[in-house]
Amino acid sequence: MTTGPQNESPHEPQHGRRLFLIWLILALAADLVIWFIWYPHMPPGDMSDSARHQQFDIAVLAVSAAPVIIFVLLYFTYSIVVWRVRPGDEDDGEPIYGNTKVQVSWIAGTTVIVLFLFVFGTVELVGPAGAGAGEGPAPIWKLAGTQSAVWAPGGKTMLDVQVIGQQWAWTYRYPQFGGMESSELMLPVDSPVTFHVTSLDVIHSFWAYQLGVKADANPQVDNVAYTTAKSLGGFTVRCNELCGIWHGAMFNYGHVVSQAAFQTWASGVQSKEKADGILAALPAYALTYDPTVIPQLGANLPKVDGITGAAGYYYPPSDPVTP
Ligand SMILES: [Cu+2]
């Protein structure tokens, strides 16, 4: 006796219909579980608009991929169980060539999936203004927001934050608050933010995980990335580019606070740094810096204000730690 999908007798069950029904039930169940149970827990969370878009993208990809994976595994399992060789069956399967139905379904199915993902991916890259990634010095996709020399709560004014990487610490500079600097990244909720990411020495990468922002920090380059924080709380900033021996320790925490609290904090730091003479000593705000521009500050800066690189120096003229 010969059994096999190509050798269907009148008593042979309708394998295609059976497979389709089992697949439909499993795929539907998997997609419902992914969308309603897994989606809210997917990385990187929903703390900002860019993070929300990334979480949505991952959920859509999972929902698209699950039916394909389930089909492959189901067909594999079904073949092993139903079409396995029976004891005593020494026959070969019937040689077959071509099956228009299978070929057309395959070409149509894969074309639809690939084109859908192409269009979806493009929309999701353009819509949220670069999706939280660094877009270089002249972004093609800009985030909506008003450019202004001052930032105040309540409006749609873009907050500019310069992110300066160096071995092995992050410094944040706020040009709309007198160019003051902080080793802490504070952001106001519901305000569009432009990050200007740069480096003083080697290549780093600014990765604010929960905000869904990741942008390379290159010396002499202004790499722009956008986000809008959507909920209050803390987030982690890590360096995501191997940058030397203390790369693994190059992280700190940021905070999303209310717009009023942000303004109070930023103005407070600005006043303090002005009184301490820091603002006068810092180089004028620029999109990139020459690390040797203010050698006279050297080791005194951390003593005065606590803003410092991990090596204990800022813009080090002769860093004693780095060879
Ligand atoms: Cu680094």
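The values are calculated or read from the model by the stated rules, or taken from the named source; none is laboratory data. Here the structure is a predicted model, which means the values were calculated and not measured. Cβ atoms come from the backbone with ideal geometry, glycine included; neighbour counts cover every protein chain shown. Note: areas computed on protein heavy atoms with side chains; ligands, DNA, RNA excluded. Shrake-Rupley method; radii C 1.70, N 1.55, O 1.52, S 1.80 Å.
Computed from backbone phi, the HN-Hα couplings of the range 196-211 come to 10, 9, 8, 9, 9, 9, 8, 7, 10, 9, 7, 10, 8, 3, 5, 8 Hz, rounded to whole numbers (Karplus: 6.51 cos²θ - 1.76 cosθ + 1.60, θ = phi - 60°; Gly and Pro given as x).
Filter the chain for me: DSSP H helices, axial length by Cα at least 15 angstrom, mean Kyte-Doolittle hydropathy not below -0.5. List them by residue number. Don't skip to the answer; put the middle values down first.
Numbers: long enough: 15-33 (27 Å, 1.43); 49-82 (49 Å, 1.26); 100-126 (39 Å, 1.62); 259-276 (25 Å, -0.82).
Those that pass (Cα extent of 15 Å or more, hydropathy at least -0.5) are 15-33, 49-82, 100-126.
Taking θ as phi - 60° and the Karplus parameters 6.51, -1.76 and 1.60, the scalar couplings of the range 175-188 work out to x, 7, 10, x, x, 5, 10, 8, 8, 10, 8, 9, 9, x Hz in sequence order, x denoting glycine and proline.
When ligands, DNA and RNA are left out and all protein chains stay put, how many square angstrom of accessible area per residue does the chain have with a 1.4 Å probe? Show your work: numbers first, answer last.
Values: 17230 Å² over 323 residues.
I get 53 Å² per residue for this part.
Note down the Stokes-Einstein diffusion coefficient of the range 159-312 in µm²/s, whole number, using a Kirkwood radius over alpha carbon pairs, 4 °C, and 1.567 mPa s.
On the way: Rh = 15.5 Å.
Diffusion coefficient, whole number: 83 µm²/s.
Kirkwood hydrodynamic radius for the chain: how many Å is it when counted over pairs of different Cα atoms?
On the way: mean 1/r = 0.0425 Å⁻¹.
In the chain this quantity evaluates to 23.5 Å.
Can you list the residues, at least 5 places off or on another chain, whose amide H is less than 5 Å from the amide H of Asp201, using H built in the peptide plane? Long-range HN contacts for Asp201: Gln167.
Solvent-accessible area assigned to carbon and sulfur over the chain amounts to 66 percent, based on a 1.4 Å probe. Taking a ≥ b ≥ c as the square roots of the eigenvalues of the Cα gyration tensor, the range 218-289 is oblate, since a/c reaches 1.5 or more and a/b is not larger than b/c. Relative contact order of the chain: 16 percent, from C-alpha pairs under 8 Å at least 6 residues apart in sequence.
If exposed chymotrypsin sites (Phe, Trp or Tyr not before Pro) are those in a DSSP loop with at most 15 other Cβ within 10 Å, what is the longest stretch of the chain that has none? Maximal segment without exposed cleavage sites: 142-245.
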